[in-house]
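Read the structure below first, then the notes.
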Amino acid sequence: SCMLAGAEKHKTQLALEYSKTIGLAFQIRDDILDVIGNKEILGKDINSDAHNEKSTYISILGLDKSVKIVNELSEKTKKIADDFGENGKRLKSLVETLASRDM
């Protein structure tokens, strides 16, 4: 959609990097919530990934390392959002919301 909007190649690459990074942070946060989340808030059983023997970031890297990675990815994504100037404020806000979500 960046190309269709006539964005510069640099901005298109930034948007792609933002998307990849926020997507990975979202997935790892999802894995974290499966371990430490609240069943009533999440609306699903806790530890369902472990019960289903799914490979997750938690099962491979552990909880502490996974939390650290989410924080690092969030900071990286916020820096990318800064490159979009005024328009990046919403992108930055989205990162902060997703990284701290509890559902």
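Laboratory data are not the source of any read-out in this text; all were calculated from the coordinates shown. Here the structure is a predicted model, which means the values were calculated and not measured. Using ideal geometry, Cβ is built from the backbone for each residue, glycine included, and neighbour counts are taken over all protein chains shown.
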### Summary
Phi angles of the stretch 21-30, converted by Karplus (6.51 cos²θ - 1.76 cosθ + 1.60, θ = phi - 60°) into ³J(HN,Hα) in whole Hz with x for Gly and Pro, give 5, 5, x, 5, 4, 4, 5, 5, 4, 4
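Would you work out the relative contact order for the chain, in percent, from Cα pairs under 8 angstrom that are 6 or more residues apart?
On the way: 89 pairs, mean separation 33.8, N = 103.
Relative contact order, the chain: 33 percent.
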### Message
Straight-line reach from Lys89: which lysines fall under 25 Å, measuring Cα to Cα and dropping same-chain residues less than 8 apart?
### Response
Lys9, Lys11, Lys20, Lys68, Lys76, Lys78, Lys79
### Query
Short version: ³J(HN,Hα) in whole Hz for each residue of the stretch 67-80, in order, from phi by Karplus 6.51 cos²θ - 1.76 cosθ + 1.60 (θ = phi - 60°), x for Gly and Pro, what are they?
4, 4, 5, 4, 5, 5, 5, 5, 5, 4, 5, 5, 5, 4
### Task
List the residues whose amide H sits under 5 Å from the amide H of Asn47, counting only those 5 or more places along or on another chain, with H placed 1.01 Å from N in the peptide plane.
Val35
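When you count, for each residue, the other Cβ atoms within 10 Å and take the mean per peptide, how do 81-89, 10-18 rank with the highest first? Display every interim value, and only then the final one.
Numbers: 81-89: 13.2, 10-18: 15.4.
With the highest mean Cβ count within 10 Å placed first, the list reads 10-18, 81-89.
What net charge is computed for the residues neighbouring Ser74, neighbours being all others with C-beta under 12 Å from the C-beta of Ser74, Lys and Arg scored +1, Asp and Glu -1? The partial results should precede the final answer.
On the way: positive: Arg29, Lys68, Lys76, Lys78, Lys79, Lys92, Arg101; negative: Glu72, Glu75, Glu96.
Value of the local net charge: +4.
Gln27: net charge of surrounding residues, Cβ under 13 Å, Lys/Arg +1, Asp/Glu -1, itself excluded? Don't skip to the end; give the middle numbers.
Working: positive: Lys20, Arg29, Lys54, Arg101; negative: Asp30, Asp31, Asp34, Asp49.
Surrounding charge for Gln27 is 0.
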### Task
Take every Cα-Cα pair in the chain and report what % of them are more than 20 Å apart.
45
### Task
Please name whichever of Gly62, Ala15, Ile46 sits farthest to the positive end of the charge dipole of the chain, dipole taken about the Cα centre and charges placed at Cβ: Lys and Arg +1, Asp and Glu -1.
Ala15
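Can you give the calculated 222 nm mean residue ellipticity of the chain, where each DSSP H run of n ≥ 4 adds -39,500 (n - 2.57) and the sum is split over every residue, rounded to the nearest 500 deg cm²/dmol?
On the way: 6 runs with 73 residues, N = 103.
Counting only the DSSP helices, I get -22000 deg cm²/dmol.
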